[in-house]
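Here is the structure we will look at, set down as structure tokens.
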Amino acid sequence: MARIIQTLRDEHKVVLKNLEKLEDALVTLRKGASDAARSTLRGVAEFFRNEFKSHFVKEEDALFPPLGKVVGVEGGPIGQMLYEHKLILDTAEKFETAAGRYDEDLVPVDAVAPAAQSLSDMLKEHIYKEDECLFPMAQRGLNPGEFQRIDAKLAEIESAQDPLPVAKADRCGCCAADARPSI
């Protein structure tokens, strides 16, 4: 499997673990105050604010341009993924804002839930589409030379930004043991 595909799949696992912890924290917080659940909510919001976006950069700058030459961009799967990226980032920002307001005791936890649930639903569906449709399409449509160029671009991106390692993505302390990818 190409390094870009493995990297993106591993990062998807980190995102899904963070979503799982977010959902658990909201359930706990609805039952009453919990310092641990509040800390988890804060950590997940920080993950989406500070580290999550690097994943989209890898897709949009490394994988999508060459794959777009094969499958097209407008009206195709790449165009749809780009559209979803914008929606997800907008929803993540709403979640981050609501979580921050909750953390400052300005709103009840129920004010965070709609954005959190929407973000979770969107990301789970988006990740499924990429893992089950887009990445296999890339593996079938791109040749080894193209993957070498994509992986070189990935290395360039990772050297210019803070990559999404599991340990760093786990700011809330919730995923370290069970989310570490095995490569």
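The table below gives the values:
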read-out	value
Radius 9 Å from Cβ of Met81, net charge of other residues (Lys, Arg +1; Asp, Glu -1)	-3
Around Pro65: net Lys/Arg minus Asp/Glu count, Cβ-Cβ under 14 Å	-3
Value of [θ]222 nm, deg cm²/dmol, for the chain, DSSP H segments ≥ 4, -39500 (n - 2.57) each, nearest 500	-23500 deg cm²/dmol
Magnitude of the charge dipole, segment 3-175, Cβ model with Lys/Arg +1 and Asp/Glu -1, debye to 20	200
Kyte-Doolittle mean at least -0.5, axial Cα span of 27 Å or more - DSSP H helices of the chain	3-31, 77-103
Pairwise centroid distance, computed over Cα atoms, of segment 62-85 with segment 121-141, Å	12
9 Å beta-carbon shell around Ala92, net charge (K/R +1, D/E -1)	0
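Taken together, the values in this text are just the output of simple stated rules run on the coordinates, not laboratory data. Only a predicted model underlies this, so the values are computations on that prediction, with no experimental measurement involved. When we count neighbours, we look across all protein chains shown, and the Cβ atoms used for this are built from the backbone with ideal geometry, even at glycine.
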